[in-house]
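The values are calculated or read from the model by the stated rules, or taken from the named source; none is laboratory data. Since we're looking at a predicted model, the values are computed, not measured. Cβ: placed from backbone, ideal geometry, glycine included. Neighbour counts: every protein chain shown.
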Amino acid sequence: MATSQEELDSKRIFASLKQVVGNLVENYSCDEEAMKIDFSVESEPFEVHFRFSLHPSSQLLTLYSKLNFTVDEEHRSAYAMKICELNYDRMFGATFDFSPSKGFTVYRAAIPYEKSLISRELLESFTRETFSTVNKYNCYLYDLSHGVEAELPAE
């Protein structure tokens, strides 16, 4: 359970986060009580979905971006191996998580904020970096999800 100071810190960061998201996109949904913000950004070939969540008891800000496709069942094993390689070779501050039973992929990043000052600039940079990374690997992962041998995007 979060202390009153942890709650106050989380509310302060959540208020900053709402301002950042409001400056980046017109439409978003916000659940103040659960401290979650959901929004989407148009991109090629897929819209990119985001969910920010604050976790006061663990003092953690998470950003999830669920990719907008499902991996075909017959390709899930090979796809999982490629996700592992991608995470090991290229992902340093975040990761792609794959659910073999459900067939979906989520890009996940987190920032611990215990006794920290999190600026709006950091939140904006964090959001833009997530969008950039998901956008960069969207087509590659989509092709793999359908069994197409794809070339990794340039670093």
Inset, instruction - Test each condition in (1) more than 26 Å from C30 (Cα to Cα); (2) touching a residue at least 40 places away in the same chain (Cβ under 8 Å) for E85 and report the one that comes out false. - result: (2)
Legend entry - First in the stretch 119-135 and farther than 17 Å from Q19 by Cβ, second anywhere and of a type outside the set (A, V, I, L, M) and surrounded by 18 or more Cβ atoms within 10 Å (Cβ to Cβ), Cβ under 6 Å, 6 or more apart: T130/S65; V134/S65; V134/Y107
Inset, instruction - Pull up the stretch 24-39, narrow it to residues that are in a strand (DSSP E or B) and touching a residue at least 12 places away in the same chain (Cβ under 8 Å), then point me to the one that is farthest from the chain's Cα centre (by Cα). - result: C30
Legend entry - Pair list, Cβ under 9 Å, 6 or more apart: the stretch 55-68 residue among the aromatic types (F, W, Y), other residue loosely packed, with under 15 Cβ neighbours inside 10 Å: Y64/D97
Inset, instruction - Just one of (1) more than 11 Å from the chain's Cα centre (by Cα); (2) surrounded by 14 or more Cβ atoms within 10 Å (Cβ to Cβ); (3) not basic (K, R) trips up Y107, so point out which. - result: (1)
Legend entry - Scope the stretch 34-54; condition farther than 17 Å from K136 by Cα and either surrounded by 19 or more Cβ atoms within 10 Å (Cβ to Cβ) or modelled with pLDDT under 95 (or both); matching residues: M35, I37, F39, F52, L54
Legend entry - Selected residue (only one of Y113, Y107, Y142 is in contact (Cβ under 8 Å) with a residue 60 or more places away in the chain and closer than 30 Å to K11 by Cα): Y113
Legend entry - Failed criterion for L86 (all others in (1) within 15 Å of N135 (Cβ to Cβ); (2) buried (at least 16 other Cβ atoms within 10 Å of the Cβ); (3) at pLDDT below 95 hold): (3)
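Considering only the stretch 7-23, I want to know if a residue exists there that is of a type in the set (G, A, S), over 24 Å from S145 (Cβ atoms), touching a residue at least 40 places away in the same chain (Cβ under 8 Å) and exposed (fewer than 14 other Cβ atoms within 10 Å of the Cβ).
No, there is no match, as no residue in the stretch 7-23 is of a type in the set (G, A, S), over 24 Å from S145 (Cβ atoms), touching a residue at least 40 places away in the same chain (Cβ under 8 Å) and exposed (fewer than 14 other Cβ atoms within 10 Å of the Cβ).
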